[in-house]
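Structure, as structure tokens:
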Amino acid sequence: MAIPTADRGQTRRGLRAVPWGAAALACALVLSGCGSDKHDESLGDDPATPGAKASTSTSASASASADPQEAAKAEVITVYRKYWDEQLKAYAKASAADTDLNKYAFDKALSKTKGDLISMQQKGNVLKGEVKIDPKVTSINLSETPKTAAVTDCTDVSKWQLINQKSGKALELPKERLTKFITNVSVRTVGERWMVVDVQQTDRTC
């Protein structure tokens, strides 16, 4: 989720951001005076690591469903959740080192996140906090190579905040920013593995 280059007009309307990235990020990293922090309760096995909290638990073991489409959909959702887990680990330290981001993000999605991290490193900022996601597979195609799927997510970044590493202080974000929005996600197979390849935030709330 690359951090979008939002202009000040967009800030008043709610800010467009990325997946990836998110509205809370956009202003914080692109404009000079934004950001803030709160440690999150993480998703997954490591409670000390920021993570995307899903509204429903997911397991790719879709009961080894007799329906290959349902099994594939469950795997796609799991990959998307893992993508968020690893992405938030990276944002929490402004580095993808020691994360498994490369296992779940590819192409535009990976490039966007890496661009965000470079911007954060340059500004000396990190992102911490809880992000809630509620992804649903809206379409899937298993008959072609690569296999493809589309996911629609309701992404809530209201508790995701940016802090300056040097001062340790949270940076204040515009109150008008969009913090809960619909995200459109493209997922496809790379070899045998499903991977998130593009994540686009919309201006629509959810």
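The values are calculated or read from the model by the stated rules, or taken from the named source; none is laboratory data. Being a predicted model, the structure only gives us computed values, none of them experimental. Note that we place each Cβ from the backbone using ideal geometry, even for glycine, and neighbour counts take in every protein chain shown. Ligands, DNA and RNA are stripped out before the accessible areas are found, and what is left, the full protein with its side chains, is counted by its heavy atoms. Shrake-Rupley method; radii C 1.70, N 1.55, O 1.52, S 1.80 Å.
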Subset of region 129-173, residues open to solvent by 40 Å² or more (accessible area, probe 1.4 Å), within 21 Å of Val197 (Cβ to Cβ) and over 12 Å from the mean Cα position of the chain (by Cα), comes to Lys136, Thr138, Ser139, Asn141, Leu142, Ser143, Glu144, Thr145, Pro146, Lys147, Thr148, Thr152
Within region 166-200, the residues that are polar (S, T, N, Q) and within 23 Å of Asp100 (Cα to Cα) are Thr183, Asn184, Ser186, Thr189, Gln200
Filtering region 174-194 down to residues that are more than 13 Å from the chain's Cα centre (by Cα), among the hydrophobic types (A, V, I, L, M, F, W, C) and modelled with pLDDT of 95 or more yields Val187, Val190, Trp194
